[in-house]
Amino acid sequence: IGFSTCSVAPINIPTQPRNPASIPAPKTSGVTEVVEMKKASSLHTLFLFFLTSFAFLVKSQSDSCSSKLSVSHLIPFNTSSLRCFSAWSSQDFILRYENAGSNVWSYVLSAPDTGSYISIGFSGDGSMVGSSAMAGWITSSGPGIVKRYYLGGTSSKRCPPDQGSLDPVQGKSVITSQGSRLYLAFQLNSAQPPQRLIYAVGPQNNLPSSDGYLPRHKTMASGSINLSGAGGGESGENEDGGGATGDVVEGGVSGFDLKKQHAILVMLGWGVLMPIGMMMARYFKQFDPFWFYSHISIQGIGFLLGVAGIILGFKLGDDEGEGDIDTHKNLGIFILVFGCLQVMAFLARPGKDAKVRRYWNWYHYWVGRAAIACAVGNIFYGLDLAGEDRSWSIGYGIFLGVWGFICLVLEVRGWMDR
């Protein structure tokens, strides 16, 4: 058998050099989409977290009759069936109450925490003076204090602590703070407490003194409540208070407007115009006779305003301040006498060429300066007695600073000219 030899031609497969840049990259679009979805999900979760936290914070800082009492576990008596109503809407006061048993009444007053006290008074005729109240506050060191008071007047010294007709149940009074709100809770031994209520809030960031005396309230309101049938509401959800009647009347205490008028007149007359009039006579004599007529006109108007303010001050009762009213009055009388002496000196002034003119000038200068200095001190003292907002003292202090600076500049300029 013969075999034939056959040759196989080699197959040439063309090859090209591989360029790394020409190699297509693996597809990553799916991975990128997954990462972006995870990022979006994380941001969405974070947004929901902050939104939920903000909603919780807002809810914790408010209170209403449609919500459960959030501090019930901190109150030493049962609060599950308290009736509720908005006691003072402008100050966000919420009052819960019920007849807790035989001759025992429960109260929980909720209000924003302004760094001061909150109080609720019980009055037979609706007036503050002569009533009794419960007040509470959180001290700067943390513990809460609840005291009863007899409201014998409109000043701090006329409202002594631990006195009054209220009979709190021993160990059942507490004040707590949660979510920027104060919760004043207490029980009273009474067949039926007075139905005329008085609400008050203290000046912002001004706590009572260590002996328990309250600073003069910033504002107050009065209202009434019908306690008949208040044997407990349903889950404390009664928005209208289950018998709350009457409109809340908001306002200040008696004499408040009179004190404002007294302060403004005295401050403007003795504390502002008098120093300006003195400056005219001291530093503007080169403008004769302008300085003279300006001086007597400004001083005259200031004297009349000051006298009017002092007259209003005498109409104020002794209970219209927070401290020693007699000292303030005596200083006012002293300043009034000095002012009258200045008027008499002006009417009896000698001629410029008279020998006694030198002594008259000396008397006129120093008596006027003493009167103004005493008036300025008494103005600050009076603002402190009245318990007015510190902005009054700060504003008047700024005026005195500007006035003193101008006087200093004019005084230095006078020395240089001489």
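The values are calculated or read from the model by the stated rules, or taken from the named source; none is laboratory data. Small disclaimer: the values here were computed from a predicted structure and weren't measured. Ideal geometry is used to build each Cβ from the backbone, glycine not excepted, and the neighbour counts take in all protein chains shown. Only protein heavy atoms, including side chains, enter the accessible area calculation; ligands, DNA and RNA are left aside. Shrake-Rupley method; radii C 1.70, N 1.55, O 1.52, S 1.80 Å.
Things worth noting here:
- Residue count for segment 99-116, restricted to those that are open to solvent by 10 Å² or more (accessible area, probe 1.4 Å) and touching a Leu at 6+ places or on another chain (Cβ under 6 Å): 1.
- Identity of the residue in segment 253-280, more than 21 Å from Ile311 (Cβ to Cβ) and open to solvent by 20 Å² or more (accessible area, probe 1.4 Å), that ends up modelled with the highest pLDDT: Ile276
- Selection from segment 165-177 of residues that are open to solvent by less than 60 Å² (accessible area, probe 1.4 Å) and farther than 19 Å from Ala111 by Cα: Leu166, Pro168, Val169
- Taking the criterion of being more than 24 Å from the chain's Cα centre (by Cα) and touching a residue at least 12 places away in the same chain (Cβ under 8 Å), the residues of segment 132-178 that qualify are Asp162, Gln163, Gly164, Ser165, Leu166, Asp167, Pro168, Val169, Gly171, Lys172, Ser173.
- Residue count for segment 191-223 satisfying the condition of being buried (at least 17 other Cβ atoms within 10 Å of the Cβ), of a type in the set (S, T, N, Q) and over 22 Å from Arg390 (Cβ atoms): 2.
- Those residues of segment 179-205 which are more than 19 Å from Leu151 (Cα to Cα) and under 16 Å from the mean Cα position of the chain (by Cα), in sequence order: Ser180, Arg181, Leu182, Gln204, Asn205
- Single residue of Ala191, Ala135, Ala185, Ala200 found to be hydrophobic (A, V, I, L, M, F, W, C) and assigned to a loop (DSSP other than H, G, I, E, B): Ala191
This table checks each residue for (1) assigned to a helix (DSSP H, G or I); (2) among the β-branched types (Val, Ile, Thr); (3) without any contact (Cβ under 8 Å) to a residue 12 or more places away in the chain; (4) under 24 Å from Arg216 (Cβ atoms).
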| site | (1), (2), (3), (4) |
| --- | --- |
| Leu265 | yes, no, no, yes |
| Gly277 | yes, no, no, no |
| Ser294 | yes, no, no, no |
| Gly300 | yes, no, yes, no |
| Thr327 | yes, yes, no, yes |
| Ile335 | yes, yes, no, no |
| Val343 | yes, yes, no, no |
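- Residue count for segment 277-301, restricted to those that are of a type in the set (A, V, I, L, M) and more than 39 Å from the chain's Cα centre (by Cα): 2
- Residue list for segment 145-164, filter: surrounded by fewer than 18 Cβ atoms within 10 Å (Cβ to Cβ), under 24 Å from Val108 (Cβ atoms) and either in contact with a helix residue (DSSP H, G or I) (Cβ under 9 Å, 6 or more places away or on another chain) or not β-branched (Val, Ile, Thr) (or both): Pro161, Asp162, Gln163
- Matching residues, segment 57-86, being under 18 Å from Val146 (Cβ atoms) and either open to solvent by less than 30 Å² (accessible area, probe 1.4 Å) or of a type in the set (A, V, I, L, M) (or both): Leu69, Val71, Leu74, Ile75, Phe77, Thr79, Leu82
- Residue among Gly306, Gly395 that is exposed (fewer than 14 other Cβ atoms within 10 Å of the Cβ), within 29 Å of Arg216 (Cβ to Cβ) and modelled with pLDDT of 90 or more: Gly395
- Single residue of Ala370, Ala386, Ala375 found to be surrounded by 12 or more Cβ atoms within 10 Å (Cβ to Cβ), touching a residue at least 24 places away in the same chain (Cβ under 8 Å) and farther than 30 Å from Pro215 by Cβ: Ala370
- Within the set Tyr213, Tyr199, Tyr149, the sole residue that is under 22 Å from Pro76 (Cα atoms), modelled with pLDDT of 85 or more and aromatic (Phe, Trp, Tyr) turns out to be Tyr149.
- Residue within segment 388-403 that is within 20 Å of Leu265 (Cα to Cα) and outside any helix (DSSP H, G or I) present: yes
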